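Everything on this sheet refers to the single structure shown next.
Please treat every number below as a calculation from the coordinates, not as lab data. Predicted, not measured: the structure shown is a model, and the values here were computed from it. Note: ideal-geometry Cβ built from the backbone for every residue, glycine included; neighbour counts use all protein chains shown.
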Amino acid sequence: MKMMLLGAALAAAAPASAQLAAPRAEAAAGVLDHGVNFPKGAPPPGTFYAGTEEGGTADVQLLWRSRPLAVALKPRLAAKLQVNTGGRTSFAAIGAEWRQHVLGGRLYGQIGIGLAVHNGRLNEVDPFAPGLTPAERARLYEIYANRTAFGSPVLFNPSFSIGVRLSPRVAVEAAWEHYSHARLFSRQNPGIDMVGGRLVLGLGR
């Protein structure tokens, strides 16, 4: 809500030249807070809520969008690379995004859906299993505490963003990204969320 109010205030203050121009392909770069799932309450000592193990790290995201297509509510094709700077899971995704402008094009909302692959873990480890040596238990606990097990090599990537156009070619966006597979590919499906911001540059003429 605070981000939406900030976006509306920036849009109201933006010059007339920042209004909607001819649609262009876009490139964007941003930084996102990785693993920001917000569970209720605290887990038992020594355990973690699934999807929060990689929290406290950051992602650098590079994004490309096509011009709007003349089909199906004019989606933009999108490709993104999201690299974790803390050595945790990184993602690459392709999909489509739909945008709606308001306030003369100065402010827009955007939803997207895509498919992603990742370099993270597929299956959980159990450092609490009986019969483990202390060294093996410590090794498995390090994985358990710091790496999310996604249950599938392919994930869905729904997303949402709010953009403020600073000029016909430049915009800033507040963004939410989610990765999970809705238990379609296995029972293991913790999901993970990222929130952050992007700088967007229109390409071409």
Open item on the list: Taking 20 °C and 1.002 mPa s as the conditions, I'd like the Stokes-Einstein D for the range 29-188 in µm²/s, using the Kirkwood hydrodynamic radius from alpha carbon pairs.
Closed with: 121
- [ ] Mind giving me the FRET efficiency for residue 143 and residue 58? R0 is 25 Å, r the Cβ-Cβ distance, nearest 0.05 is fine.
- [x] 0.75
Task: Of every Cα-Cα pair in the range 96-205, the percent that sits beyond 20 Å - done: 57
Task: FRET efficiency for residue 67 and residue 135, using Cβ-Cβ distance with R0 set to 41 Å, rounded to 0.05 - done: 0.15
